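The block underneath contains the structure these notes are about, expressed in structure tokens.
The values are calculated or read from the model by the stated rules, or taken from the named source; none is laboratory data. Bear in mind that the values here come from a model prediction, so they are computed numbers and not experimental data. Glycine gets a Cβ as well: all are built from the backbone with ideal geometry, and neighbour counts include every protein chain shown.
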Amino acid sequence: MPFSFQPTGLPGVVIIEPTVFEDGRGFFMETWKKSDFASIGIDAEFVQENQSRSLAGTLRGLHLQRPPKAQGKLVRVVEGEIFDVAADIRHGSPTYGRWVGARLSGANRHSMFIPAGLAHGFCVLSEEAQVIYKTTDEYAPELEWGARWDDPLLAIPWPCSEPRLSERDRQWPRLPPP
């Protein structure tokens with residue numbers, strides 16, 4: 001199997017390490033293979049792919065789309081390094097307020113699968129980073145929702161001291177207590 005799958009502390013969130021074949025010409029790796037992912041319970045059908053380029057200290061998140069267009073995401077970095085986070089902000093969920101994070105980079109080539117319903121965010125640790133992510137539903141701006149990156153309920157220790165934020169990300173609400 002060309003992947004190593006590492007479960008995390010949040011059900012459904014998985015860190016994926018590909019098998020990389022390197023030689024004097026460069027490298028080759030598979031980044032997605034439906035049958036391998038389905039064998040561990042990720043039976044996703046991706047319908048959209050996005051790419052972002054962000055500068056050091058940029059923090060994007062925490063974002064999600066609500067049903068009926070909730071998005072699962074497969075996130076990977078092709079250049080640079082990020083601290084990637086999945087957070088459960090579904091009030092009433094047994095894992096409400098829990099989060100997991102991992103360093104994803106062009107060098108380690110790891111990716112993270114985040115199931116639909118969980119929020120996603122990342123901060124850029126390198127001079128710049130290019131992030132590509134596939135989604136299981138198309139973007140629907142009217143269903144977009146999120147939580148503040150610095151919400152005290154989540155208490156995520158972001159490794160960006162003074163993050164660059166969009167105005168939208170500054171305006172997300174704080175989460176209600178459980």
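Looking at 159, 152, 94, 178 in this structure, which one is touching a His at 6+ places or on another chain (Cβ under 8 Å) and more than 15 Å from residue 64 (Cα to Cα)?
One residue alone meets the criteria, 178.
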Practice problem: Could you please tell me which pairs satisfy a Cβ distance under 9 Å, a separation of 6+ or placement on different chains, a first residue in the range 99-128 that is on the phi > 0 side of the Ramachandran plot and touching a residue at least 24 places away in the same chain (Cβ under 8 Å), and a second residue that is crowded, with 18+ Cβ neighbours inside 10 Å and not in a loop (DSSP other than H, G, I, E, B)? | Solution: 109/18; 109/76; 109/77; 117/64
Quiz item: Looking only at residues in the range 1-25 that are more than 20 Å from residue 85 (Cα to Cα) and either at pLDDT below 95 or in contact with a strand residue (DSSP E or B) (Cβ under 8 Å, 6 or more places away or on another chain) (or both), which one is surrounded by the most Cβ atoms within 10 Å (Cβ to Cβ)?
Solution: 3
Exercise. Note down all Cβ pairs under 8 Å where the first residue falls in the range 131-148 and is farther than 19 Å from residue 167 by Cα, the second is part of a loop (DSSP other than H, G, I, E, B) and acidic (Asp, Glu), and they're at least six residues apart or on different chains.
Key: 136/45
Quiz item: Is it true that residue 49 is exposed (fewer than 14 other Cβ atoms within 10 Å of the Cβ), in contact (Cβ under 8 Å) with a residue 40 or more places away in the chain and out of contact with any helix residue (DSSP H, G or I) (no Cβ under 7 Å at 6 or more places or on another chain)?
Solution: yes
Quiz prompt | Filter result for the condition that a residue is aliphatic (A, V, I, L, M) and assigned to a loop (DSSP other than H, G, I, E, B), over 155, 129, 102 | solution = 155
Quiz item: Has the range 64-80 got at least one residue that is in a strand (DSSP E or B) and in contact with a helix residue (DSSP H, G or I) (Cβ under 8 Å, 6 or more places away or on another chain)?
Solution: yes
Practice problem: Test residue 172 against the stated conditions and say whether it is buried (at least 18 other Cβ atoms within 10 Å of the Cβ), touching a residue at least 12 places away in the same chain (Cβ under 8 Å), of a type in the set (Phe, Trp, Tyr) and in contact with an Asp or Glu (Cβ under 7 Å, 6 or more places away or on another chain). | Solution: no
Self-check item: Hits in the range 29-49 - residues which are assigned to a strand (DSSP E or B) and farther than 17 Å from residue 19 by Cα
Solution: 48, 49
Quiz item: In the range 1-28, how many are free of Cβ contacts under 8 Å to residues at least 60 places away in the same chain and assigned to a loop (DSSP other than H, G, I, E, B)?
Solution: 5
